[in-house]
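Here is the structure we will look at, set down as structure tokens.
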Amino acid sequence: MCADKDHVYLCATGGILSIISKKWALLIIYKLGTRGRLRFSEFSTELDSINPQALSETLKDLVHEGLVERESFSEIPPRVEYFLTTEGLTLWESIKPLIEWAAERDYRDKDRCEKKCRKQICQSKEKICMRKDDMSRNL
């Protein structure tokens, strides 16, 4: 990013915006910020409409940009966990208001949200659309 006294210039094609504007990136950051550490299979549960290839590619991009860290454990079966770096936590703090705004907007139009999410809307407007069994868990 470059700046002068009147303008801010962002690199739209190669900068961080090209990474975090991908379809799943902000939701992955948000899930890691609220849950701490997640395994690959847990992402599939949390974001049930993401395909494994999109998840893998987005995680690789976020790791490459230094927003997410990947930790491998020498176990059988192998275990890999993902978590936010310090910079990723800064991004998470920045996007929380956006995610909360989106949840509030969707809550105002429950029918639309339920049709799109194909899930029952939660009872509390502070939570994002989720499965019935997730209603007791904070996002």
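How about the stretch 52-82: which GluC sites (Glu not before Pro) there are in a DSSP loop, with at most 15 other Cβ atoms within 10 Å of their Cβ?
Numbers: sites: Glu57, Glu65, Glu69, Glu71, Glu75, Glu81; in loops: Glu65, Glu75.
When the GluC sites (Glu not before Pro) of the stretch 52-82 are filtered for loop state and at most 15 Cβ neighbours within 10 Å, Glu75 remain.
For the pair Arg105 and Arg35, what calculated FRET efficiency results from E = 1/(1 + (r/R0)^6), where r is the Cβ-Cβ distance and R0 = 30 Å, to the nearest 0.05? Efficiency for this residue pair is about 0.85. For Val68, the residues whose modelled amide H falls within less than 5 Å of its own, excluding neighbours fewer than 5 places apart on the same chain, are Val63, Thr85.
What is the mean projected area of the alpha carbon convex hull for the stretch 46-88, to one decimal in square nanometres?
Working: hull surface 14.6 nm².
Average projection, Cα convex hull of the stretch 46-88: 3.7 nm².
Every number in this text was worked out from the coordinates using simple rules, so none of it is lab data. Predicted model, so just to flag it, every value in this text is computed and none were measured. Because the Cβ atoms are built from the backbone with ideal geometry, glycine has one as well, and the counts that use them run over all protein chains shown.
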